[in-house]
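One structure is given below, encoded as structure tokens.
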């Protein structure tokens, strides 16, 4: 039997620059938030005798501020990228 020639693999269209930059920023901001959450949870937990509810009650303002700053940074970066790459 004759083998049929294989088609060369078609490459997926490359993402545009704006999308890849915004995805990268989203990744880093999410990672930053998770690191801040874990570090403060562990640190506060040392002083609340490992009481989870007391740790959550003491830590939520820090996490809320961090979350708001990450969201502001993301939307600010979105504006910057849209201006730069049109």
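Taken together, the values in this text are just the output of simple stated rules run on the coordinates, not laboratory data. Because the structure is a prediction, the values reported are computed rather than measured. For neighbour counting, all protein chains shown are included, and Cβ atoms are generated from backbone atoms with ideal geometry for every residue, glycine included.
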Computed from the beta carbon distance with a Förster radius of 22 Å, FRET efficiency for residue 85 and residue 27 to the nearest 0.05 stands at 0.75
Expected unfolding gain across residue 54-residue 17 under the 0.36 nm per residue rule, minus the alpha-carbon gap, is 8.9 nm
Honestly the stretch 34-85 on the Cα gyration tensor test (a ≥ b ≥ c root eigenvalues; a/c under 1.5 rounded, otherwise a/b vs b/c for prolate or oblate) is just prolate
